[in-house]
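Novice: Dumping the structure here so I can ask a few things about it.
What follows draws every value from the coordinates through simple rules; no lab data is involved. Computed from a predicted structure; not experimentally measured. Note that each Cβ is placed from the backbone with ideal geometry, even for glycine, and that neighbours are counted across all protein chains shown.
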Amino acid sequence: MTAAETPRLREMRWWDIEPVIALEKDLFPEDAWSRGMFWSELAHARGPSATRYYTVAECGGRLVGYAGLAASGDQGDVQTIAVARDHWGTGLGSRLLTELLRAATAFECAEVMLECRVDNVRAQKLYERFGFEPIGLRRGYYQPGNVDALVMRRTAAPGGDLAAAPESGLTAAPESGPGAGTASLTSPNDAQGTETHG
């Protein structure tokens, strides 16, 4: 992928719901979120009392990824991360997760939790590279397939920065587009097609 083809991350808005739903149905056909669920999440994502953060990745005029975080008190919860199949293995999943961890730091979260399908080993490896550790299991969490969810947690680094690179071989790399000059965690073996419907 050339620099011109690097997806640009930006805040998710209401007009993004339809293309997000299309990706959602392609990637998570058994437990895709509804329009109403995304509308509800976005309703809590703006203003001084916002408790949500949603971002999308655009490339060539099309949405190729999205991710969302909910914050409550000192805890963040990764609600969802998704990357279009033709962008798997490009580092986009890592960029989206980095963006959520930055948002968690801005929300002053001390830890971030997430749920991941037990059969989604690729996503689990991505989260582990970011310093998430398994802490439990939720039986039958993903319906209608009755698939268990692995619960994972990452605590803030000293100083409260959740976006700081964990000691796992990830390196900071410059990002293009909005926020250029800030760091983005990348890994050459980035796992894509992650699922975390919280």
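Novice: Here is a list: THR105, THR98. Which entry is under 15 Å from the mean Cα position of the chain (by Cα), under 19 Å from ARG46 (Cα atoms), outside any loop (DSSP other than H, G, I, E, B) and in contact (Cβ under 8 Å) with a residue 24 or more places away in the chain?
Specialist: THR105
Novice: Restricting to the stretch 2-24, give me the number of residues that are over 13 Å from GLY65 (Cβ atoms) and either within 17 Å of the chain's Cα centre (by Cα) or part of a loop (DSSP other than H, G, I, E, B) (or both).
Specialist: Of the residues in that region, 5 qualify.
Novice: Would you please list the contacts, defined by Cβ atoms under 7 Å and residues six or more apart or on different chains, that run from a residue in the stretch 117-144 that is of a type in the set (Asp, Glu) to a residue that is surrounded by 13 or more Cβ atoms within 10 Å (Cβ to Cβ)?
Specialist: ASP119/VAL147; GLU133/MET152; GLU133/ARG153
Novice: Quick check on ALA32: is it part of a loop (DSSP other than H, G, I, E, B) and surrounded by 12 or more Cβ atoms within 10 Å (Cβ to Cβ)?
Specialist: Spelling it out, ALA32 is indeed part of a loop (DSSP other than H, G, I, E, B) and surrounded by 12 or more Cβ atoms within 10 Å (Cβ to Cβ).
Novice: With the condition kept exactly as written, say whether any residue in the stretch 98-105 is surrounded by 15 or more Cβ atoms within 10 Å (Cβ to Cβ), out of contact with any Lys or Arg (no Cβ under 6 Å at 6 or more places or on another chain) and among the charged types (D, E, K, R).
Specialist: yes
Novice: Take the residues in the stretch 55-82 that are of a type outside the set (Asp, Glu) and free of Cβ contacts under 8 Å to residues at least 40 places away in the same chain, then tell me which one is surrounded by the most Cβ atoms within 10 Å (Cβ to Cβ).
Specialist: Looking at the filtered set, the residue picked out is ALA67.
Novice: Can you pull out the residues in the stretch 153-165 that are crowded, with 22+ Cβ neighbours inside 10 Å and out of contact with any Ser or Thr (no Cβ under 9 Å at 6 or more places or on another chain)? Can you show your working first?
Specialist: The first filter runs over the stretch 153-165 and keeps only residues crowded, with 22+ Cβ neighbours inside 10 Å, leaving 154, 162-163.
Correct list: ARG154 only.
Novice: Here is a follow-up. If a residue must be over 17 Å from ARG10 (Cα atoms), among the aliphatic types (A, V, I, L, M) and in contact with a Pro (Cβ under 9 Å, 6 or more places away or on another chain), how many such residues does the stretch 26-67 contain?
Specialist: 0
Novice: With in contact with an Asp or Glu (Cβ under 8 Å, 6 or more places away or on another chain), surrounded by fewer than 16 Cβ atoms within 10 Å (Cβ to Cβ) and either within 21 Å of ALA123 (Cα to Cα) or among the basic types (Lys, Arg) (or both) as the only criterion, which of ARG85, ARG52, ARG46 stands out?
Specialist: The conditions single out ARG85.
Novice: I would also like to ask the following. Got a number for residues in the stretch 61-89 being in a loop (DSSP other than H, G, I, E, B) and out of contact with any strand residue (DSSP E or B) (no Cβ under 8 Å at 6 or more places or on another chain)?
Specialist: Of the residues in the stretch 61-89, 4 are in a loop (DSSP other than H, G, I, E, B) and out of contact with any strand residue (DSSP E or B) (no Cβ under 8 Å at 6 or more places or on another chain).
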